[in-house]
Each structure stands twice: as C-alpha cells, then as structure tokens.
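Asks: Here it is: the structure, laid out below.
Read the figures in this text as sums done on the coordinates, not as results from a lab. A quick note: this is a predicted structure, and the numbers were derived from the prediction, not measured. Note: ideal-geometry Cβ built from the backbone for every residue, glycine included; neighbour counts use all protein chains shown.
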Amino acid sequence: MLRRTLLRLLGLGLARRFALAQTAEPASRSSPKLVLVTTGGIRRQESFSEQGVGNIPHLAGELFPQALFYPYVWNEGTTAHFNTISSILTGVWQHVDDWGKDRPANPTLFQYLQAQRKVGANETWLVTSNKALTAKIGVDANVILAKQLLIESVERIIMGHSPHHKLQRDVLLDELTTIMQDDYERIGWSIPSESSILDPELKQVFLAALADFINGPNSPTSGDELTWFVASEVLRRVSPTILVMNFSDVEVAHSGTYSLHLAGIRNNDALVWRLWNYLQTLPAYRNNVTMVVMPEFGRDPDGTSTNGFFNHRSDSSSNRMSWAMILGSGVPKPAVVSREVRQIDFAPSLGALLGVNCSQAAGRVLPELGV
Amino acid sequence: MFCRNWGCKVANPVDPALLAKLPRSFVPALNEQLQTWDLLFPSERRAIQWQMEWLARLPDASFRALFQPIVALEQKMELPDWKLSTERMSVRDTGILVRSPYYPQWRAEVEKVFEKIGAAREAEEGQRQRRRLIVCTMPGGAQVPSGPVWKSLEPQGHWLLLQSPFAEVLPKLFRAVAGRQRQPDVEPVERTWVLEYDEMLSLMRVDGAVTGLCFNGLGPVRREFLLRLNSIDRNLKTVDRTYDSLRHIDLDAMMKRAYQPDVREFVRNVFLSGNGALLFGNSFVQWGASEAFRRAAPQATFCRFGVRPKLKPFSSVVLFEDQHRANPVPDRPDPEGSFIDAQVLVEYVYLSAMREPEYTGRTLFLVAMPDDNCALALGSAEFLTPLTKGSVPLSTPQLTSAVTDWLAA
C-alpha cells in the first residue's frame, strides 16, 4: 500500500520533468568531488508521501527531476546517530558506543580516499550539527561541530560561565570568537589539517564571516543554519574532495514539539536547495560534484510504546526505511529506483565515484551510478 | 511470600526461584520495580502480582516455550554482567543492549511475551475492569485551519453538539466527575487525574480525590532537574551519577503542594524519562498521561493542553536549557505552533490509552477546542447513541450526568 502510494506520487508529472532534465548538458567527470548530506530522523509521512510532500518543496520540486532517487533505503543497523552515520561512511553496519567514545570499527570513506588517492586531511571534511557526533566519526578528517560551537557559546553566557550576563548578539559573537581562537578542541573539533581552519589568516577570514552570520537579518535560532554557513565557507575556501554535512534541527522531535519538527524538515529542505545552488556557483564543484541527501532513519510510528515521532528506536519500516537522493555528475540519468537498497551500499558506491575501493564495505555498489 | 534479601518493605510477589528462571535481561528492570514496591501504584502492584502468580502456575514446558525466543537471543547478545541482585539497568547497560545487532528482535520478542501475558490476564480479569474516561482540551487562541483537526480520530468519532463553549463546560464536567460516587474497588489514586499545562483544574476544590499535576506548577522541580542535568560533563559515567542523584533529591521541598509518595515518584520518573516533559508543557501533558495510563490506570483523566512561548533567538539552540535565563528577549506566545503540537499530542494520548488493556474497549474519549460548542467523542455506542440522536445541543447538566452515569455503571 505504502509502496503503491509512493510510486503513484512520484509518478505525478515526472515523466515530463525527466525528459527535460535529460536534455541537459552531460556533466564533466574530471576530479570528482562528493558532498554527502545526512539529516536526522525524518519519516516518510512527513516527507516523500502525499501528506508530507508540502514540507519538502525543493527536494520534491526542483531537485527531484534531476535526481537519481532511491525511495526505499533500509537502515538495518542501530538507528542512532553515531552508528548510522558511521555505517553510511564505512559501508558496514556499526555497533559501537553511540556516545562517540569509539571510532567506527572499519575504515571510512575519508580514510579510503586518503590512503588510496594519497591525499591529505585537507581533502576530507565533516561539518555536523549533531552533538552526539564527536570527532571520532571522521577519523583523520577535519571535523567541525558547528552547532556545538553555537551551543557552547550560548551555554557559557546563560550558565554564568562568561563575563557576559545577557544573551545578545554582540556578546554571543564575542563568545564564539573566544572559543574559535582558543578553545575549539574542547567542543570536539578535530583539525589535523594545517592549511585549513588553523591557518591564522584563514581563521580571521572565518571569524569575520561568522560575524556577518550572527549580525545577519535572521537571528540564529537554528544550528543547521550555522552548519550550512560553516560548510559553505569550507567549500569556498578549501574545496575538499569530500565534504560530509549533517543537519539535526529535525531532532527537536525528541521534545515532542511537532510544529518545530516540521519547521526543521522545511529548513532542511531549504538549506539543501541553497547548498545545491551554491555548489553551482563554485568552479571547483559546478561540473564534477555529486551531492547525496539522505535522512539517517525515519522515526517511530504513531501509537507505538516508544512514543511515535518523538523517537527513533522501533524495529518498524516507519523508522528503518528511509530514502536517498543523488544529484550531479555522478548521476548518469535521472531515475526513480524502486528496488530496495541499504544505507551501507552508499559507501562503496560513492567510493567508486571517487575512484577508491571501499574494500571492507559489506554493501554493494549501486549499479545505477554506472561505476 | 516475603523475601528479605530484596530489601522490600512489603510482601514481595516474586519467588527468587522464579526470578532465576526468567530471561537475564528481565532481572534488572524487575528488581528496580521490586525495590520501589511501596512506591508503585495499586494497578502496577496488582499487575505484577498477577503476572508472577500466572507464571508460577504455568507448566514448565509452557514457561520455557514462552521465553525461549528471548533466551535464545540473549545467548547471542553481548549483555552486561547482570546478576540476580542487579538493582537496575544503568544508562550504560541500556546503551550496550540497544546497540546489539539483536536488539530489534529482542525488543519484538519482549513485546510478544507481554502481549501473551496481557491477553491471559484480560481473559481472566477483563470483565472486572471499570469503565474509563479521558477528556482532552486543545490550547485556545489559534487560527484553526479548515479541514479535520484530528485526522485519525474524527473518522472513528461522533460530534456532540453543546449549548455552551467547551471552556465553560469543562469546569462543571470536571467537578461532577471528580465528585462522583466512590466505588469500593477503585483506590483514591485511581479515581481522577489532571495533567495540565497551566493551573486551573488542579487548583479547583472538589469533592473526591484528585491527582493534579501541572507543568507550570511543577516549575521549581523542573528547573532544579535542568540545572543538574546541564551542569554535568556529557559522558556515561557522570550521566549515570547525575541520574542517580536526581533519583534521590528531596522533591517535597520543591513542590508547591504535598503529594503522596507514589505520585511524587511518578513526577520524578516522568521528568527523568525524557520525551520533552521537562521542557514543554504540552509534551508533559501527553507523556504524563501516557505514563499514568500505563502505571496508575486512572478511571478518569483530564488533559489540558496550553500555549507555549515562541522559541527565542540564540537560546533556542540549547533547547535543553531554561529559555528564560539570561535572555533579555521577552516571551511571546505561539498559539499556532502550540495548536499543531497539540493536534498530534491529543491523538497520542488516545493511542497510548488504547495500548493499555485497562482502557481498550471500555473508554469514553472526549476532545474539544475550548471556544467551540461541540466535542468529538469516541467510545461505546451505548454512551454515544442517545446523545447524538437529535440535533438539539446538549446542556452542560445533560452531558455531565450522561458521563457520570456511564462511569458509574
């Protein structure tokens, strides 16, 4: 029933859009780059379904016709953040400590790329909104916990650990700067690359941009906005081969505020659209980037003992079955692949796009990518 | 049976030999309940006693068959070193259990076991269960969009037309229900519960025992919990230690009114079990009601949802914190957001009640917008048919007497 409804929805008027998309100029495949965006838990009923599609106007509207879309992507592992993202990055279901105490038990895409393409840490970046993701998620890569920077700064003020006592724009910027200058390791950032954010000149540029962000027209209520902002700076200034981003505003669902959860999904959709358009403006990415968007999992079904959308613990298709969208140079032809695939299929597939072999991955290469 | 080794203050319903036969993963959770036996609600004590007696009289082969799938899974799982004396499952233990590749199967098998036990109890005792009532009211002040408000409930329910707005009906209905005649098999704590965002029903003086819990009224307790939870290092050891300290802090001094120990501990557990109860009033109402149905099974429950403030710039990124602290931006109400939140949470209140055998098939569920002269009713045709026959709106006395008569039967 679910499958029928979804396929019907996806079929609405899409043949025409596909036809238009396929006439576009084929993308260059030289020096491929990858931007992988994971989000927290989003159920099908709030996204790619008849009742949910209004929450994702850009994903289901402008992006869908250009995409290779997998509507049935299973998370067969532990449906928690650290283990899921590690599973996506390694191609092996991970069952490590979910508080980020341990590294993933197998090499990640970052490590495969560094070892096989002989590139430095500067080519592999991870910018995340989720505080559960410590630097252990991106072993040997540059890891920036952008939202955590904002959280720490706000916390320092409201908990009275700062000389500032009121939470105002200029004061917040001061705190962000202090942490960025002196204290970034404490919030879990791992910056092994000399030429990246540690470079004093680049750091100043980054701080100036941070000031623009804080003083911009929109008050920073969303950690994902900051994550987007930091990631866009990394793309513009460092142009890494792999950038993994993680959005987490949707995880406000844990506190039971459905309206804020929906707002998180809509913000996610808007940021993904902004990111895609931004990539088209960057010469280093325009013709050779593959962008992948995938929720980590769904959420629990209404009426379960795990309190429905609040959590992502149940062994149900609502929680385990997600979707994935692939855009850009890695897509030979836009299509909807109605076959069921697994999240662990993505590391070997994306690795192949980048010219590396994820030798320990248990997942299978997705044939639709033509690699 | 009485077992001093368990440290219980009352007769312990569990024979240690039976405990030893249960799957390993059951022992810490059961021990935790036994340790706090005198803080459990009568309904929980009756349920555990019945379960243990039923398991004790189950033939060996049936007992083994019941638990065999779980035991088989446990043998493949790397579980913590739980012993018969392990007092509870720590946060660390839970983490180990949850990240096991076999956890989803384990959880499904546990649910199956409890479904079987529940079905056996229903077959033996179902006829003796009392009728139940749940009344929910939405927050006021929002522009209500066209179309159904409660999408999954409306097709199952009937609209009751009322002569007055529900906000005027509610206090009278509550007073009548709370003051209904006492039934000898219903203990005071099982009669009437109120879970509300701001104080109204829980402050009313009524004849009859009422357990009233209010999110705003419990503000000092919530703030103390948040203060302690947010001043810890976020690692497993300190989280376990902080939770342990929160299990023992004296709540009486922080509560504006005196509660019986079982209710006081209920509040503590609701705040410790997440689901937004510490942070958002409507989440507190829903999650509190869900836990009340599961544990205390009150005969009548009133859930009043309210209007939360809009999230503030800056501090909203630290949702787990007190939004008022150090933020100079004044509070502004968010009726539209609160309405959307409560739309879903009302449905969750209904669904969580329907999961409990005490409520299934014997519950009258009423939900209304405060300003509307109607209420959606779900329940037995015996109650609904006479009230929905004509097109004449019901007076408040007609509704209250119909409800109290139905509860008394």
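Asks: Can you tell me which aspartates and glutamates have their Cα less than 12 Å from the Cα of residue B:310? Leave out same-chain residues fewer than eight positions away.
Replies: The reachable aspartates and glutamates, counting only those whose Cα sits under 12 Å from residue B:310, are B:331, B:334, B:336.
Asks: By a straight-distance test (C-alpha under 14 Å), which aspartates and glutamates pair with residue A:333 as possible cross-link partners, with residues fewer than eight away in the same chain excluded?
Replies: Output for residue A:333: A:25, A:368.
Asks: Next question, about the same structure. I'm a student and want to see the number: the projected area of the Cα convex hull of the stretch B:335-376, averaged over all directions, in nm².
Replies: About 3.4 nm², averaged over all directions.
Asks: Rounded, prolate or oblate: pick one for the stretch B:4-127, where a ≥ b ≥ c are the square roots of the eigenvalues of its C-alpha gyration tensor, a/c under 1.5 means rounded, and failing that, prolate if a/b is larger than b/c, else oblate. Write down the numbers at each step before the final one.
Replies: Working: a/c = 1.69, a/b = 1.18, b/c = 1.44.
Cα axes put the stretch B:4-127 in the oblate bin.
Asks: If you don't mind, there's one more thing I want to ask. Listed here are the pairs A:147/B:256; A:147/B:312; A:33/B:312; B:83/B:112; which of them are more than 28 Å apart at the Cα?
Replies: A:147/B:256; A:33/B:312
Asks: Taking the Cβ of residue B:309 as the center, what net charge do the other residues with Cβ under 9 Å away carry, scoring Lys and Arg +1 and Asp and Glu -1? It would help to have the intermediate numbers written out before the result.
Replies: Working: positive: B:308, B:310, B:312, B:332; negative: B:331, B:334.
Taking every Cβ under 9 Å from that of residue B:309, the sum is +2.
Asks: Now, a different point. Residue separation times 0.36 nm, minus the C-alpha to C-alpha distance between residue B:124 and residue B:20: what's the value?
Replies: On the way: separation 104, 0.36 × 104 = 37.44 nm, distance 2.61 nm.
The residue B:124-residue B:20 span can extend by a further 34.8 nm.
Asks: If you project the alpha carbons of the stretch A:42-96 onto the principal axes, what extent comes out on each, in Å, largest first?
Replies: Cα extents, longest axis first: 37, 22, 16 Å.
Asks: So which aspartates and glutamates pass the test for residue B:21, namely a Cα distance under 18 Å, with those fewer than 8 places away in the same chain ruled out?
Replies: Reachable aspartates and glutamates: B:32, B:53, B:60, B:74, B:81, B:87, B:109.
Asks: Just name one of B:404, B:243, B:164: the one whose Cα is farthest towards the positive end of the charge dipole of the stretch B:130-408 (beta-carbon charges, Lys/Arg +1, Asp/Glu -1).
Replies: Of the listed residues, the answer is B:243.
Asks: Let me spell out the model: positive unit charges on the Cβ of Lys and Arg, negative unit charges on the Cβ of Asp and Glu, origin at the Cα centre of the stretch B:130-408. What dipole size does that give, in debye rounded to 20? Mind dumping the intermediate values first?
Replies: On the way: 32 positive and 31 negative charges, 50 e Å.
Taking the Cα centre of the stretch B:130-408 as origin, the dipole is about 240 debye.
Asks: Please give the helix B:236-248 orientation as an angle from the longest Cα principal axis of chain B, in degrees from 0 to 90, rounded to the nearest 10.
Replies: Taking the Cα atoms of chain B, the angle to B:236-248 is about 60 degrees.
Asks: If the viscosity is 0.890 mPa s and the temperature 25 °C, what Stokes-Einstein diffusion coefficient in µm²/s follows for chain B when Rh is the Kirkwood radius over Cα pairs? Intermediate results must be reported in sequence, preceding the final value.
Replies: Working: Rh = 23.2 Å.
The estimated diffusion coefficient comes to 106 µm²/s.
Asks: Can you give the relative contact order of the stretch B:130-408 as a percent, counting alpha carbon pairs under 8 Å and 6+ residues apart? Please report the intermediate quantities before stating the final value.
Replies: Values: 446 pairs, mean separation 108.8, N = 279.
RCO, the stretch B:130-408: 39 percent.
Asks: How much length, in nm to one decimal, is gained on full extension between residue B:144 and residue B:224, taken as 0.36 nm per residue of separation minus their Cα-Cα distance?
Replies: On the way: separation 80, 0.36 × 80 = 28.80 nm, distance 3.60 nm.
Roughly 25.2 nm would be gained on extension.
Asks: By what distance, in whole Å, do the Cα atoms of the protein assembly as shown stretch along each of the three principal axes, largest value first?
Replies: Projected onto its principal axes, the Cα set of the protein assembly as shown covers 81, 61, 59 Å.
Asks: Taking θ = phi - 60°, what integer Hz values does the Karplus form 6.51 cos²θ - 1.76 cosθ + 1.60 yield along the stretch B:265-279, in sequence order, with x for Gly and Pro?
Replies: Here the 3J(HN,Hα) series is 6, 4, 4, 4, 5, 4, 5, 7, 9, x, 6, x, 5, 7, 10 Hz.
Asks: Here's another thing I want to ask about it. Given the options A:35, A:226, B:293, identify the residue whose Cα lies farthest towards the positive end of the charge dipole of the protein assembly as shown (+1 on Cβ of Lys, Arg; -1 on Cβ of Asp, Glu).
Replies: In the protein assembly as shown, that residue is B:293.
Asks: Moving to a separate point now. Under a point-charge model restricted to the Cβ atoms of Lys and Arg (+1) and Asp and Glu (-1), what is the dipole moment magnitude of the stretch B:4-127 relative to its Cα centre, in debye to the nearest 20?
Replies: Working: 17 positive and 17 negative charges, 45 e Å.
That gives the stretch B:4-127 a dipole magnitude of about 220 debye.
Asks: Moving to a separate point now. Between 0 and 90 degrees, rounded to the nearest ten: what's the tilt of helix B:103-125 against the longest Cα principal axis of chain B?
Replies: The helix B:103-125 is inclined about 70 degrees to chain B.
Asks: Using alpha carbon centroids, what distance separates the stretch B:331-409 and the stretch B:57-108, in Å?
Replies: Answer, in whole Å: 39.
Asks: How far is the Cα center of the stretch A:74-117 from the Cα center of the stretch A:333-371, in Å?
Replies: For the stretch A:74-117 versus the stretch A:333-371, the Cα centre distance is 16 Å.
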